[in-house]
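The structure appears below as structure tokens.
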Amino acid sequence: MNAPPQTVLITGCNRGLGLEFVRQLATLASSPSCIIATCRKPDNAVALRKISNKYPFVHILQLEVTDRENIKKLKEQVRDILQGRGLNLLINNAGVGPGGDLYDVTEEIMMNTFKINVVAPLLITQAFLPFLKTAAKTTEGIGLSWRKAAVVNISSRLASIETNDEFLVGRYSYKTSKAALNMVSKNLGVDLREDCILALSLSPGSVRTDMGVPSAPLLPHQSVEMMLQVMAGLNEDDSGAFLNFTGELIPW
Ligand SMILES: NC(=O)c1ccc[n+]([C@@H]2O[C@H](COP(=O)([O-])OP(=O)(O)OC[C@H]3O[C@@H](n4cnc5c(N)ncnc54)[C@H](OP(=O)(O)O)[C@@H]3O)[C@@H](O)[C@H]2O)c1
């Protein structure tokens with residue numbers, strides 16, 4: 001794997017894929033020098049605290065992604081931790097996957113899912129742009145890469161409009177929110193290219209987490225290992241893309 005980024009921030013790290021991202025990044029031979037792992041309730045995040053106790057460069061900070069005041073406070077805490085360094089990699093991982101098919105989806109489910117899965121990743125990226133820009137300016141190397149500056153939005157294959165079919169119907173709030181997140185990623189990819197910041201959507205595959213189905217083919221460590229391989233190989237051609245955990249493009 002290419003040299004990993006030096007500073008990383010990940011949301012939703014107390015369980016599932018977020019926790020696994022922290023575990024794998026922290027245990028890399030040449031790990032980042034700073035991993036900021038956010039979660040809603042740090043006091044209850046037992047597995048995450050175990051990692052942080054062993055690897056002091058893993059900082060746990062509290063974040064409810066829909067709370068604007070919380071994002072503001074987090075930004076100040078991150079500024080103190082980074083002490084002038086930039087933020088190389090932001091992984092917008094926190095998300096919800098409620099049900100809700102044609103006959104039972106409600107306005108409340110739709111709005112809540114959009115707040116968490118679409119609005120929050122955009123506003124969190126907006127808040128951390130100054131740090132991402134600093135990283136892009138101060139990290140050596142030509143071209144765009146995860147080492148320099150990147151925003152990775154964790155999307156889902158279910159966002160694909162083109163491959164939606166009769167076996168995958170329903171789940172209105174989840175599928176529409178991740179499709180909208182893909183547009184956020186595409187827009188960010190275009191807007192941030194001139195600042196040398198990559199942005200894209202990445203699908204983890206179908207994974208056995210609390211959100212995933214028990215029969216899902218992938219375990220969290222397998223999905224995250226492959227996603228990190230994909231991230232390590234990213235370049236300017238991937239900006240704004242919708243990629244699978246295998247590295248292939250997923251049709252919009
Ligand atoms: N598992 C799959 O098969 C699969 C497939 C495609 C895409 N994904 C995507 O992968 C990402 C991670 O999912 P996962 O499988 O790891 O799910 P998970 O085990 O259910 O974990 C979801 C994480 O998001 C956090 N979260 C939810 N709402 C939040 C909020 N309002 N503020 C802050 N944190 C919040 C949760 O925190 P709490 O513990 O506090 O609730 C938890 O840490 C999600 O974006 C999901 O859509 C997963």
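The values are calculated or read from the model by the stated rules, or taken from the named source; none is laboratory data. Everything numeric here is computed off the predicted structure, so don't read it as measured data. Ideal geometry is used to build each Cβ from the backbone, glycine not excepted, and the neighbour counts take in all protein chains shown.
Tabulated results
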| item | result |
| --- | --- |
| Any hit, the range 124-135, residues being farther than 27 Å from R68 by Cβ, out of contact with any Leu (no Cβ under 7 Å at 6 or more places or on another chain) and more than 16 Å from the ligand (Cβ to nearest atom) | no |
| Qualifying positions in the range 210-227 - of a type outside the set (G, A, S), surrounded by fewer than 20 Cβ atoms within 10 Å (Cβ to Cβ) and within 14 Å of the ligand (Cβ to nearest atom) | D210, M211, V213, P214, P217, L218, L219, H221, Q222, M226 |
| The range 104-129 residues that are in contact (Cβ under 8 Å) with a residue 40 or more places away in the chain and among the basic types (K, R), paired with ones that are more than 12 Å from the ligand (Cβ to nearest atom) and assigned to a helix (DSSP H, G or I) (beta carbon under 9 Å, 6 or more apart) | none |
| Sole residue being touching a strand residue (DSSP E or B) at 6+ places or on another chain (Cβ under 6 Å) and touching a residue at least 24 places away in the same chain (Cβ under 8 Å), chosen from S177, S239 | S239 |
| Hits in the range 10-27 (condition: within 13 Å of the ligand (Cβ to nearest atom) and either free of Cβ contacts under 8 Å to residues at least 24 places away in the same chain or not in a helix (DSSP H, G or I) (or both)) | I10, T11, G12, C13, N14, R15 |
| Selected residue (only one of L48, L102, L74 is at pLDDT below 95, of a type in the set (A, V, I, L, M, F, W, C) and either closer than 30 Å to L168 by Cβ or within 13 Å of the ligand (Cβ to nearest atom) (or both)) | L102 |
